[in-house]
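Novice: Got a structure for you, written out below as structure tokens; questions coming shortly.
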Amino acid sequence: MTTIAEDLSRLEEIVRRLEAGDVELDAALALFEEGVARLRAARERLGAAELKVQTVLEEAGGELRYTDLDG
Amino acid sequence: MALSFQLSTISPTDEVWSVSQLTRAAKGLVEGEFMPIWIRGEVVQCKVWPGSGHWYFTLRDSASQVRCCMWKRDAERAGAPPKDGTEVFVRAKPALYEAKGEFQLNVSRLLPTAGIGAAQRELERVKELLQRDGLFDLARKRPLPKLACTVAVVTSVAGAALRDIITVVRGRWPACRLIVVDARVQGDGAAGAIAGALRLVNRLPEVELCVLGRGGGAREDLAAFDSEAVCRALAAVRVPTISAVGHETDVSLTDLVADVRAATPSAAAEQAVADRRDVLRQLDDLAARLAGGLASRASLAEERLARTADRLHAGVDAALRRERHRLERLGVQLDGLSPLRILDRGYAVPTAPDGRVLKRRAEFAPGTSFRLRVADGDVSARVESS
């Protein structure tokens, strides 16, 4: 799964390439399609997200244990 | 005789004050005049009141003395009652105790000057060491990630700092995961606990940013954040760090070591994560540029097609078909941008009944039936003469 940061930086790149205008039409359409998909994914992720707060503890054996914390 | 003398000196119109009135007025003057201040002096006769646990002592210098009282809650933080002759700084608000008409100090903090000296010397020692090792160098400072989604917070789980951070992050960037590494932030063992927690952060691969913080407190409560162990552990954190210790005016050595110093834990949270609304605006902007970018690209193609329209051949036709198919999938966002709109402008494509595109004169023998694809469908046609 990509992160929003990755989506945004890829979108920036897509837009820059489209704006440069030296991409073949075929490639331009492919970029556009990808851009639309990434936009949608990023918006959905921002809209649906709910803050997750956890604590982490090191157990006796050195393993890490995560526990959800009610914020 | 004496009596009549006295009576004769007080006229019926003279104002006579009660003792209570006087002490109340004096109290108002004294307590209105002074904010809490630091006073240096020598403690004598410190007594812990049985039952209440409050401290009562006298603070003096070579010429004067003043009665002091320190409530149990504050006295507990000062450690053992000071012995006679101990030189101290006290933080106190001058007051007047009405019942006895006594001027006194209400002391909230008491620090032996010897201890202060030792703490100050230790601070200077650590600061010099860290400076020498380059831990304060500006060249070391890393930029914070723009859109951190997983943030480690090293603080006390029970503290106000964590509550503030959670509140701010939830308001700005809910697409976030906070991983709290609990550590006691004051008192014995705090420095070791914080340093350990910072080392633990390095074992969390998903973490992109680390916030170290605690809420405000007395200077001695923040001491762990000046410790060498904590500063070195902070410098060794593999992701960018923000230090947010105490109030605006407190500066700890961790503030100098961290990549970014925030005035308060809330301010740290604001710097740690982006604001969702800003990012949504950024997405809107990118969406507009995306559509614009394709539109300009598509119109370029359209011009090219128009120039060669007379020789519109199978290759172009196939490309158009392919592109139309994809454009249809892109739906409304692409509407208006498609180079296929060329058909709307009156171009048409002749096809044989088997779907083959008719491209040559030779394929149009008189009487041949074929179909003509236009913008909104196709029509049947027949060659009258060639």
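Novice: Taking the conditions exactly as written (more than 8 Å from every other protein chain (Cβ to nearest Cβ) and not polar (S, T, N, Q)), does A:Arg45 satisfy them or not?
Specialist: no
Novice: Okay, moving on. Give the number of residues within region B:283-298 that are more than 7 Å from chain A (Cβ to nearest Cβ) and either without any contact (Cβ under 8 Å) to a residue 40 or more places away in the chain or not small (Gly, Ala, Ser) (or both).
Specialist: 4
Novice: Here's a follow-up. Of all the residues that make up region B:185-195, how many are buried (at least 18 other Cβ atoms within 10 Å of the Cβ) and out of contact with any helix residue (DSSP H, G or I) (no Cβ under 6 Å at 6 or more places or on another chain)?
Specialist: Qualifying residue count for the region: 2.
Novice: I would also like to ask the following. Would you confirm, using the coordinates I've provided, whether B:Arg219 is charged (D, E, K, R) and closer than 20 Å to B:Val207 by Cβ? Give the derivation first.
Specialist: On the way: charged (D, E, K, R): yes; closer than 20 Å to B:Val207 by Cβ: no.
Taking the combined requirement at face value, the residue does not satisfy it.
Novice: Of all residues being assigned to a helix (DSSP H, G or I) and either modelled with pLDDT of 95 or more or among the small types (Gly, Ala, Ser) (or both) in region B:136-160, which is surrounded by the fewest Cβ atoms within 10 Å (Cβ to Cβ)? Just the residue, please.
Specialist: Of all residues in region B:136-160, those assigned to a helix (DSSP H, G or I) come to B:138-140, B:160.
Within this subset, residues satisfying the condition of being either modelled with pLDDT of 95 or more or among the small types (Gly, Ala, Ser) (or both) are B:139, B:160.
On the way: B:Ala139: 5, B:Ala160: 13.
So, considering only residues that are assigned to a helix (DSSP H, G or I) and either modelled with pLDDT of 95 or more or among the small types (Gly, Ala, Ser) (or both), the one surrounded by the fewest Cβ atoms within 10 Å (Cβ to Cβ) is B:Ala139.
Novice: Whether any residue in region B:191-205 is part of a strand (DSSP E or B) and at pLDDT 95 or above is what I want to check.
Specialist: No - not one qualifying residue is present in region B:191-205.
To keep it simple, each residue is scored yes or no on (1) buried (at least 18 other Cβ atoms within 10 Å of the Cβ); (2) within 7 Å of chain B (Cβ to nearest Cβ).
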{"residue": "A:Gly21", "(1), (2)": "no, yes"}
{"residue": "A:Leu39", "(1), (2)": "yes, yes"}
{"residue": "A:Lys52", "(1), (2)": "no, yes"}
{"residue": "A:Val56", "(1), (2)": "yes, yes"}
{"residue": "A:Ala60", "(1), (2)": "no, no"}
{"residue": "A:Glu63", "(1), (2)": "no, no"}
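Novice: All but one of (1) away from chain A (no Cβ under 13 Å); (2) within 19 Å of the chain's Cα centre (by Cα); (3) surrounded by fewer than 22 Cβ atoms within 10 Å (Cβ to Cβ) hold for B:Thr167, so report the exception by its number.
Specialist: Evaluating B:Thr167 over (1) away from chain A (no Cβ under 13 Å); (2) within 19 Å of the chain's Cα centre (by Cα); (3) surrounded by fewer than 22 Cβ atoms within 10 Å (Cβ to Cβ) leaves (1) as the failure.
Novice: Which ones in region A:23-37 are at the interface with chain B (Cβ under 7 Å from one of its Cβ atoms) and either hydrophobic (A, V, I, L, M, F, W, C) or under 30 Å from B:Cys210 (Cβ atoms) (or both)? Working first, answer last.
Specialist: So in region A:23-37, the residues at the interface with chain B (Cβ under 7 Å from one of its Cβ atoms) come out as A:23, A:25, A:28-29, A:32-33, A:35-36.
Within region A:23-37, A:Val23, A:Leu25, A:Ala28, A:Leu29, A:Phe32, A:Val36 qualify.
Novice: Identify the single condition in (1) in contact (Cβ under 8 Å) with a residue 12 or more places away in the chain; (2) farther than 30 Å from B:Leu111 by Cα; (3) out of contact with any Gly (no Cβ under 8 Å at 6 or more places or on another chain); (4) of a type in the set (Ser, Thr, Tyr) that B:Thr13 does not satisfy, given that it satisfies every other one.
Specialist: Tallying (1) in contact (Cβ under 8 Å) with a residue 12 or more places away in the chain; (2) farther than 30 Å from B:Leu111 by Cα; (3) out of contact with any Gly (no Cβ under 8 Å at 6 or more places or on another chain); (4) of a type in the set (Ser, Thr, Tyr), B:Thr13 fails exactly one: (1).
The rows are residues; the columns are (1) more than 21 Å from B:Glu208 (Cα to Cα); (2) within 21 Å of the chain's Cα centre (by Cα); (3) not in a strand (DSSP E or B).
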{"residue": "A:Glu6", "(1), (2), (3)": "no, yes, yes"}
{"residue": "A:Glu19", "(1), (2), (3)": "yes, no, yes"}
{"residue": "A:Ala28", "(1), (2), (3)": "yes, no, yes"}
{"residue": "A:Glu34", "(1), (2), (3)": "yes, yes, yes"}
{"residue": "A:Ala42", "(1), (2), (3)": "no, yes, yes"}
{"residue": "A:Glu50", "(1), (2), (3)": "no, yes, yes"}
{"residue": "A:Thr55", "(1), (2), (3)": "no, no, no"}
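The values are calculated or read from the model by the stated rules, or taken from the named source; none is laboratory data. Small disclaimer: the values here were computed from a predicted structure and weren't measured. Note: ideal-geometry Cβ built from the backbone for every residue, glycine included; neighbour counts use all protein chains shown.
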